[in-house]
Amino acid sequence: MRLVFTSLSLAALMLTGCATQTPEEQLTPLAPTVRLCNGDQCVNQPRHIATFQGEPVNPEAERRMAALAALAERDPKAAYDLGLRLLRGDGVERNTYQAIEWMRKAGDRGYGPAQFALGRLYLLGFEEMGSDPAEAEAWLSRAAAKGNKEAKRLLPQAQAAKREAQENYRVREEDRKSLNAWYANTPYSWIWGTSGWYLR
């Protein structure tokens, strides 16, 4: 409490000091230079010089990627390629969410390699994305129906993982019900009375 009071007192004193100054006195002129340090080297540089240097932009690479994205809207193979590039960070900033979205577009349009890739990604999980056995089963089933041998091999694993996830969910649901019963039926130790709280 004393620390809060001291901080508030300091703030009030500083405001009082500002209030006694004229607006012209409150403005301090900026120095014509600013000190910039990089590692163990420091230099004074004029304020008007811009020092920020962003990532170099490659207009040709951006043009190529925009053309691929436009093509990917029409062609599932291009959507799959764009998904792979985004997954790898090849020529574009790596973005797993967009990669999955483009792969799904390709898979939804019936492109088998995208369906298989999605099945594997959902079965094994990828980076921040955990596994999703139900999605894995759905995509691997589609790829297996097209004759993908690896999808046929992985499909039983996805189905087993899906059954296990469903069983775990049922157990958690039972735990949730018992938790609700526990806190709904547990009595309080302290009860409010006319003279205040008292121990039961």
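Distance between the 7 Å Cα→Cβ label points at residue 128 and residue 168: 2.1 nm.
The GluC sites (Glu not before Pro) of the stretch 87-144 meeting both criteria, a DSSP state outside H, G, I, E and B (loop) and at most 15 other C-beta atoms within 10 angstrom of the site's C-beta, are 93, 127, 128.
Straight Cα distances below 16 angstrom link residue 77 to the lysines 105, 146, with same-chain residues fewer than 8 positions distant left out. Annotation for residue 146 and residue 42: the two label points, set 7 Å from Cα along the Cα-Cβ direction, are 6.2 nm apart. Spin-label model, residue 191/residue 61: points 7 Å from Cα along the beta carbon direction are separated by 7.3 nm.
Were the residues from residue 200 through residue 109 laid out at 0.36 nm apart, the gain over their Cα-Cα distance would be 26.0 nm.
Classify the stretch 59-109 from the C-alpha gyration tensor, please: rounded if a/c falls under 1.5, else prolate or oblate depending on whether a/b exceeds b/c. Note, shape of the stretch 59-109 comes out oblate.
3J(HN,Hα) along the stretch 126-132: 8, 6, 6, 8, x, 6, 9 Hz, from the Karplus curve 6.51 cos²θ - 1.76 cosθ + 1.60 with θ = phi - 60°, whole Hz, x for Gly and Pro. Backbone amide hydrogens, once placed in the peptide plane, bring residue 34 within less than 5 Å of 45, 47, excluding anything fewer than 5 places away on its chain.
Throughout, read-outs are computed from the coordinates displayed, never taken from laboratory work. If you're wondering where the values come from, they're calculated on a predicted model, not measured in any experiment. Cβ: placed from backbone, ideal geometry, glycine included. Neighbour counts: every protein chain shown.
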